[in-house]
1. Around Asp78, under 15 Å between beta carbons, what's the net of Lys plus Arg minus Asp minus Glu among the other residues?
2. Can you tell me how much longer the chain between Ser159 and Ala5 gets when fully stretched, taken as 0.36 nm per residue apart minus their C-alpha distance, in nm with one decimal?
3. What are the ³J(HN,Hα) couplings of the range 63-77, residue after residue, when phi is run through the Karplus curve with 6.51, -1.76, 1.60 and θ = phi - 60°? Round to Hz, x for glycine and proline.
4. Sort the following peptides by mean Cβ neighbour count (other Cβ atoms within 10 Å, averaged over residues), highest first: 108-115, 29-36.
5. Distance in nm between label sites at Val37 and Ala69, each 7 Å beyond Cα in the beta-carbon direction?
6. For the range 1-58, what class follows from the C-alpha gyration tensor (a ≥ b ≥ c being the square roots of its eigenvalues): rounded when a/c is under 1.5, otherwise prolate if a/b is larger than b/c, else oblate?
7. Explain nothing, just compute: Karplus ³J(HN,Hα) = 6.51 cos²θ - 1.76 cosθ + 1.60, θ = phi - 60°, for every residue of the range 19-30 in order, whole Hz, x for Gly and Pro.
8. With +1 assigned to the C-beta of every Lys and Arg and -1 to the C-beta of every Asp and Glu, and no other charges, what is the dipole magnitude of the range 1-58 about the Cα centre in debye, to the nearest 20?
Amino acid sequence: MHERALRRWVCAARAGEGCDDGVNNSQNAACTNVCAVNVCGDGAIYNTGDGAEECDSGDNNGPGQLCNAMCKVNVCGDGDKSPKEQCDDGNNAPGDGCSASCVLEGCGNQIVDPGEGCDDGADGDNDDGCTDACTIPSCGDGFVQASLNEACDLGGANSNAARLYARLRAGGLRRRVSSTKGGAVRRRGETSQPSP
Ligand SMILES: [Ca+2]
Ligand SMILES: [Ca+2]
Ligand SMILES: [Ca+2]
Ligand SMILES: [Ca+2]
């Protein structure tokens, strides 16, 4: 059966229960091609005349979908995470874990998010201009950067005593400072007894 004839037949069958705007019937109009009143959820996007549907995915409308239950397009910031969004916390503010474009924020995502000095994907190299903590390398960041001539870096535990210990270790002697005998230095394995 020809399509137009089929529509006419359907419209006649629906007489009294549907609608019929004649040549104005359309999938984008108030009355669809099959003489049904265009409603949200029927898969026909009513976006002409008084129609205000932005989308209509039929049974696929709803939370977590591209088109919500009100036939509005799921957008970033509406609090409803669509399949195209990594997150949606209901706002478009950056720096709160979910970016203004609904991408997850954090160190290691290769995007310099608020509070980060850099982000190279936490690539395991802390001496390549960006640490795995997404900070620009510096003394006190807890990472040893040979390129900055650092022998050690204990972060907040850095002190001159720690520096001395590191220098002793770097000397390869594995010596330790005696707490007795006026601070005399002895090698591992040696006793504190004087030689006969
Ligand atoms: Ca519709
Ligand atoms: Ca959304
Ligand atoms: Ca980041
Ligand atoms: Ca790095």
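1. Details: positive: Lys72, Lys81, Lys84; negative: Glu54, Asp80, Glu85, Asp88, Asp89.
With Lys, Arg at +1 and Asp, Glu at -1, the neighbours total -2.
2. Working: separation 154, 0.36 × 154 = 55.44 nm, distance 8.97 nm.
That works out to 46.5 nm of additional length.
3. x, x, 10, 5, 10, 8, 5, 9, 6, 10, 5, 5, 10, 5, x
4. On the way: 108-115: 13.8, 29-36: 19.1.
Ranking, from highest mean packing down: 29-36, 108-115.
5. Placing both labels 7 Å along Cα→Cβ, they lie 2.0 nm apart.
6. prolate
7. Coupling constants for the range 19-30: 8, 7, 9, x, 5, 8, 4, 6, 5, 9, 10, 5 Hz.
8. Working: 4 positive and 9 negative charges, 74 e Å.
Value, rounded to 20: 360 debye.
Each value in this text was obtained by applying a stated rule to the coordinates, not by laboratory testing. Since the structure is predicted, the reported quantities are computational estimates derived from the model, not experimental observations. Cβ sites come from the backbone with ideal geometry, for glycine too, and all protein chains shown count toward neighbours.
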